[in-house]
Amino acid sequence: MSVVLSEFLIPGWADGEGAPASPVNGTDLPCHFADPDIFFADHTYQLEQAKSLCRTCPLQSRCLEGALSRREPCGVWGGEIFDDGRVVAAKRSPGRPKANAASYSRASSSLP
């Protein structure tokens, strides 16, 4: 899978507003040579890798702007983690949350 840049993904691109000052070859963009799975990973270390790749991208701000306008449901876009159309500081791990140790000890102490 590769990320495709087009006027549909980056607002203003078709009008020349989103085009960088110097020509950028699509293969120069970090998202085009990296494993696309890291941009949609479940593990924090992979998401941090994706965010660090975005920091070197000449289209980072435009990518983020486009993702915000589209309310991307998930993934790393423009160096930020998206969840349910919003930027979040960190992604919650998949699966059921761990039980709170305090509530667990109270529940076990009330057993006969």
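The values are calculated or read from the model by the stated rules, or taken from the named source; none is laboratory data. Predicted, not measured: the structure shown is a model, and the values here were computed from it. Positions of Cβ are generated from backbone atoms using ideal geometry, with glycine treated the same way; all protein chains shown enter the neighbour counts.
For the range 67-87, filtered to residues that are acidic (Asp, Glu) and in a loop (DSSP other than H, G, I, E, B), the residue that is surrounded by the fewest Cβ atoms within 10 Å (Cβ to Cβ) is Asp84. When you scan the range 24-42, do you find a residue that is among the acidic types (Asp, Glu), modelled with pLDDT under 90 and exposed (fewer than 14 other Cβ atoms within 10 Å of the Cβ), even just one? Yes, some residue in the range 24-42 is among the acidic types (Asp, Glu), modelled with pLDDT under 90 and exposed (fewer than 14 other Cβ atoms within 10 Å of the Cβ). All conditions but one from (1) modelled with pLDDT of 75 or more; (2) part of a loop (DSSP other than H, G, I, E, B) apply to Leu64; the one that does not is (2). For the range 27-41, a residue qualifies if it is assigned to a helix (DSSP H, G or I) and over 14 Å from the mean Cα position of the chain (by Cα), and the qualifying residues are Thr27, Asp28, His32, Phe33. Give the range 44-61 a look and list any residue that's in contact (Cβ under 8 Å) with a residue 24 or more places away in the chain and either assigned to a loop (DSSP other than H, G, I, E, B) or touching a helix residue (DSSP H, G or I) at 6+ places or on another chain (Cβ under 9 Å) (or both), or say none. Correct list: Leu47, Ala50, Cys54, Arg55, Thr56, Cys57, Pro58, Leu59. Do we find that Asp15 is of a type in the set (D, E, K, R) and modelled with pLDDT of 60 or more in this structure? Judged against the criteria, Asp15 is not a match.
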